[in-house]
1. Quick one: which of B:181-190, B:110-119 comes out on top by average Cβ neighbours within 10 Å, and what's the full order, highest first?
2. Give me the distance in nm between label points sitting 7 Å out from Cα along the Cα-to-Cβ direction at B:Trp257 and B:Met280, one decimal.
3. Please report the net charge: other residues with Cβ closer than 14 Å to the Cβ of B:Val153, K and R +1, D and E -1.
4. Determine the shielding of peptide B:125-131 by partner chains: average, over its residues, the number of Cβ atoms on other chains within 10 angstrom of each Cβ.
5. Kindly rank A:19-29, A:59-69 from highest to lowest mean number of other beta carbons found within 10 Å of each residue.
6. Total accessible area buried between chains B and A, 1.4 Å probe, in Å² to the nearest 100?
7. Which residues, if any, in the range B:172-205 have at least 40 Å² less accessible area in the whole protein complex than in the isolated chain, probe 1.4 Å?
8. If you take each beta carbon of peptide B:5-16 and count the beta carbons of other chains within 10 angstrom, what is the mean?
Amino acid sequence: MSQTNVVSVPRPTAVRIPLREIVPWAVFTTVLALLVLLFVTTEAGAVSLVSDGLVHEFVHDGRHLLAFPCH
Amino acid sequence: MMKTLLVRGMLAGLVAGVLAAGFAYLVGEPSVGDAIALEESHGTQAHDAASHDAASHDAASHDAPPHAESPGRAGSGDAAAHEHSESPDHAAESDAAPGHNHGDDALVGRGVQSTLGLLTGVTGYAVAVGGLFAIAFAVVQGRVTTLRPRVSVALLAAGGFAVAVLVPFLKYPANPPAVGQAGTIEDRTALYFGFLALSVVTAMVAVAVGRAAADRAGAASGGLLGVGVYVTVMAVAGALLPAVDEVPDGFPGSLLWDFRLASLGTQVVLWCALGLVFAMLAEKALGRGSRDGHAVTVRQ
Ligand SMILES: [Zn+2]
């Protein structure tokens, strides 16, 4: 592996964000994103969290046109 | 820094979502509308045949004189439109597939589905993807690629589109309303998301393999090896997994083609816009960080 050094540079040639800074944001984003994606892509098909299908019907065309299985 | 990148990723997603929704409305909605019109005039035989025995009876009831609402009234979602959906046939249909009500017996009218609903769905998806994209960029920048941020972002967007959209689409292409049997929605969902997950995991492994090889044999060889690993695994998986072929007899081929092209085009617009906007924003974010004199970790 190549060695790393902490230095101050004038131009960003290869900024590397430490993993310990990324991980908490990654977890937060993944949970939130999966929830949104579940509603847009899967709700009321194979999985149903809100039983009346209102959310599903509202975003229905987006789901088809984004290429997710719908019905 | 991570928070800044995340906000910018989601902002890029928002812009990309609005543009993609505009494309989907102009290019995709006509075929969605045609497919729904076909579905309703043909009595949705493809769904019913699979989901319950009363197929012929159900089809006959759909062929009866059309429901009374005008399109405008169906869109208003008033109480009368709901009462109408309580006939035994419709109830049975809803049990089999909660998700396939459009038009007459829908909770949300077509006018809303094809405009505000479309915009919300596509934009929600794009913002979520934008957030995940920012995380992926933060991980690869300075580790997998040491190129300047905007070049890394462009490569990541091209790769992300191929892995998250194009490859799953080649195996399990998008289908318009009226294509697909209600009874198999769970299998089709599992297959689609399984293949999508396999694609993402394989891509991560391929990147790690390629990166390790690049340290020894150079960037070109590492890149080729990574792409080779990914393509080989996905080709084998694609050949082994079952196909989904549920296009009903008599469904127009040209309509299916138009819909699928519009669907792929929507995703192309989304990922191109996401890549371009985030490239600009990430370059600025990382540039400003270092001009402020922050210490940054660099590869030697
Ligand atoms: Zn649908």
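1. B:110-119, B:181-190
2. The modelled label-to-label distance comes out at 3.6 nm.
3. +3
4. 6
5. Most protected by this proxy first, the peptides run A:59-69, A:19-29.
6. When B and A are taken together, about 5600 Å² of accessible area is lost.
7. B:Ile185, B:Thr189, B:Tyr192, B:Phe193
8. 1
The values are calculated or read from the model by the stated rules, or taken from the named source; none is laboratory data. These figures come from a predicted structure and were not determined experimentally. Backbone-built Cβ (ideal geometry, glycine too); neighbour counts: all protein chains shown. Side chains included, ligands, DNA and RNA excluded: accessible areas come from the protein's heavy atoms. Shrake-Rupley method; radii C 1.70, N 1.55, O 1.52, S 1.80 Å.
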